[in-house]
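Peer 1: Sharing a structure, written as structure tokens. Questions coming.
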Amino acid sequence: MRRLPLDYAVRNLGRSKTRLALIVCGSGLLVLIILAAAAFVRGMDQSLRATGGEHNIILLGAGSEESVERSEVDMGVAGTATASIHGIMELGGVPFVSPEAHAMLPVRTARHGPDNSGTLATIRGVTPSALLVHEEVAILEGRFPILGRDEVLVGSTAAIRLGIPGAMLAVGQHVEIGGRPWTIVGRFAAGGTMAESEIWTGLNDLMEVTKRNSISCVVITLDQKLAEFEDVAVFTMMRPDLELVALREMDYYGALASFFAPIRIVVWITAGLIVLGGFLGGLNTMYAAFVSRVREFGALQAIGFRRRAIALSLIQESVVATAAGTLIACAIGVLFLDGIAVRFSMGAFGLVVDTSVLMLSLIVGFALGLLGALPPALRCLRLPIPIALKAI
């Protein structure tokens, strides 16, 4: 089969600059929507699944496996676990055991009006040993809160979670939690995990504000050479009076990722419906462009080119145009969307535009070019040669 040269398809793109701009912009917009949806899903999934140390075990109250905020654990569990579980990692004689209290509390800043109770955020009460257990946490600025001084350490995306400018959570600023003013004494990062949207304070200070006498959980880090998860599970079964359950920290946050699966499905469905609407509109544009060239197609057949060769050339035109739009969309995604923080109920996370997201975008762009040209091309090429040559 004799084929039309590629430069024939490329030159035809310039015959109508308006049509070319519509195809490039339209395909680029559709690909950008898919890219943004994929970056959203990828960012949420990575943020949730990356939260939690590989060797960390959480001791929760029995029946509260799905929510650490609802869990209640006796204050003495941390000391009991340290004494009873062999193989807990240590550094300089300090065990990697972190008693913690988690609570969702309204946080008020100077931006909130007098009638505004504030924005809910996750407040975590910790001791200095939390920095041993959560190795991904690094203090970027300032210091760790001192117990009894109403001081807090804020995550790098806490301002986004609260919907306020980052400058309002700078070191030295104040926030109101539980009707009391707290001083920000430091900022921390946590490797892109959900902890970055939290506010940390002293364990006893948070317990005083929440009027509780029990903690939420105890997080321990095991030395894999000396102990395994089963050793902790045996401890919880041997002490039924403590009413504990042991979970791998990564499994706990992995379950949370599964819990938010419906949100990801809704994002994909919404993006798919938008793309479908745009694709159908693109079909009309391509049909209008091809139907005006019916006489040209008839002339090409008359001089010996087969319909398959002409259809292939039309597909090449469409793919080249949509490829330009796709590359523009990918460039916008990498330069402007990657890393943008998004708020949701548990905190905030950043959009992730990685190789898998870019590959999906390229595939979608190619599919748009192929499927957008094929139906109009086949329909226009059905006409017999004499009728096509007489077309206006």
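Peer 1: The conditions are (1) more than 26 Å from residue 365 (Cβ to Cβ); (2) at pLDDT 85 or above, and residue 265 fails exactly one of them. Which is it?
Peer 2: (1)
Peer 1: Would you point out which residue out of 305, 290, 279 is open to solvent by less than 60 Å² (accessible area, probe 1.4 Å), out of contact with any Asp or Glu (no Cβ under 6 Å at 6 or more places or on another chain), touching a residue at least 24 places away in the same chain (Cβ under 8 Å) and not in a helix (DSSP H, G or I)?
Peer 2: 305
Peer 1: Being more than 23 Å from residue 249 (Cβ to Cβ), within 21 Å of the chain's Cα centre (by Cα) and crowded, with 22+ Cβ neighbours inside 10 Å, is that true of even one residue in segment 162-173?
Peer 2: yes
Peer 1: Can you tell me how many residues in segment 129-149 are open to solvent by less than 20 Å² (accessible area, probe 1.4 Å) and part of a helix (DSSP H, G or I)?
Peer 2: Residues in segment 129-149 being open to solvent by less than 20 Å² (accessible area, probe 1.4 Å) and part of a helix (DSSP H, G or I): 2 in total.
Peer 1: Let me ask something else about it. So which residues in segment 259-276 are open to solvent by 60 Å² or more (accessible area, probe 1.4 Å) and among the aromatic types (Phe, Trp, Tyr), if there are any at all? Give the steps one after another, and end with the answer.
Peer 2: Looking only at segment 259-276, we keep the residues that are open to solvent by 60 Å² or more (accessible area, probe 1.4 Å), and these are 259, 262-263, 265-266, 268-270, 273-274, 276.
Matches in segment 259-276: 259, 268.
Peer 1: Just checking, which of 126, 77, 73, 94 is of a type in the set (Val, Ile, Thr), over 27 Å from residue 263 (Cβ atoms) and open to solvent by 40 Å² or more (accessible area, probe 1.4 Å)?
Peer 2: Values: 126 fails: open to solvent by 40 Å² or more (accessible area, probe 1.4 Å); 77 fails: open to solvent by 40 Å² or more (accessible area, probe 1.4 Å); 73 fails: open to solvent by 40 Å² or more (accessible area, probe 1.4 Å).
Selected residue: 94, the only one of 126, 77, 73, 94 that is of a type in the set (Val, Ile, Thr), over 27 Å from residue 263 (Cβ atoms) and open to solvent by 40 Å² or more (accessible area, probe 1.4 Å).
Peer 1: State the number of residues belonging to segment 209-256 that are closer than 18 Å to residue 147 by Cβ and open to solvent by 20 Å² or more (accessible area, probe 1.4 Å).
Peer 2: 5
Peer 1: Could you give every pair whose Cβ atoms fall below 8 Å, whose first residue belongs to segment 323-334 and is open to solvent by 40 Å² or more (accessible area, probe 1.4 Å), and whose second residue is outside any helix (DSSP H, G or I), counting only separations of at least 6 or pairs across chains?
Peer 2: Listed by first residue and then by second, the contacts come to 334/353.
Peer 1: Is there a residue being open to solvent by 20 Å² or more (accessible area, probe 1.4 Å) and farther than 23 Å from residue 78 by Cβ anywhere in segment 194-208?
Peer 2: There is at least one residue in segment 194-208 that is open to solvent by 20 Å² or more (accessible area, probe 1.4 Å) and farther than 23 Å from residue 78 by Cβ.
Peer 1: Would you mention how many residues in segment 145-159 are among the aliphatic types (A, V, I, L, M), touching a residue at least 12 places away in the same chain (Cβ under 8 Å) and closer than 13 Å to residue 187 by Cβ?
Peer 2: Selection size over segment 145-159: 4.
Peer 1: Take segment 38-59 and flag every residue that is under 12 Å from residue 342 (Cα atoms) and open to solvent by less than 10 Å² (accessible area, probe 1.4 Å).
Peer 2: Answer for segment 38-59, where residues must be under 12 Å from residue 342 (Cα atoms) and open to solvent by less than 10 Å² (accessible area, probe 1.4 Å): 39, 43, 44, 47.
Peer 1: Being assigned to a strand (DSSP E or B) and in contact with an Asp or Glu (Cβ under 6 Å, 6 or more places away or on another chain) is the filter here; which residues of segment 50-103 pass it?
Peer 2: Residues satisfying the conditions are 56, 58, 61, 102.
Peer 1: A further question on this structure: Report every pair of residues separated by at least 6 positions or lying on different chains whose Cβ atoms are under 7 Å apart, first residue within segment 231-244 and within 17 Å of residue 55 (Cβ to Cβ), second open to solvent by less than 90 Å² (accessible area, probe 1.4 Å) and of a type in the set (A, V, I, L, M, F, W, C).
Peer 2: Within 7 Å, the pairs are 231/85; 232/57; 232/85; 232/246; 233/246; 235/81; 235/85.
Peer 1: Next question, about the same structure. Would you confirm, using the coordinates I've provided, whether residue 187 is open to solvent by 20 Å² or more (accessible area, probe 1.4 Å), within 27 Å of residue 48 (Cβ to Cβ) and modelled with pLDDT of 95 or more?
Peer 2: Details: open to solvent by 20 Å² or more (accessible area, probe 1.4 Å): yes; within 27 Å of residue 48 (Cβ to Cβ): yes; modelled with pLDDT of 95 or more: yes.
Considered against the rule, which asks whether it is open to solvent by 20 Å² or more (accessible area, probe 1.4 Å), within 27 Å of residue 48 (Cβ to Cβ) and modelled with pLDDT of 95 or more, residue 187 comes out as yes.
Peer 1: Checking residue 42 against (1) over 30 Å from residue 269 (Cα atoms); (2) basic (Lys, Arg); (3) touching a Ser or Thr at 6+ places or on another chain (Cβ under 8 Å), only one condition comes out false. Which one?
Peer 2: (1)
Peer 1: Restricting attention to segment 358-392, report how many residues are outside any helix (DSSP H, G or I) and surrounded by 16 or more Cβ atoms within 10 Å (Cβ to Cβ).
Peer 2: Filtering segment 358-392 for residues outside any helix (DSSP H, G or I) gives 381-384, 391-392.
Restricting the remaining residues to those that are surrounded by 16 or more Cβ atoms within 10 Å (Cβ to Cβ) gives 381, 383.
Qualifying residue count, segment 358-392: 2.
The values are calculated or read from the model by the stated rules, or taken from the named source; none is laboratory data. It should be emphasised that the depicted structure is a prediction, and the values quoted were computed from it without experimental measurement. Note: ideal-geometry Cβ built from the backbone for every residue, glycine included; neighbour counts use all protein chains shown. Areas reflect the complete protein model, heavy atoms only, side chains present, ligands, DNA and RNA absent. Shrake-Rupley method; radii C 1.70, N 1.55, O 1.52, S 1.80 Å.
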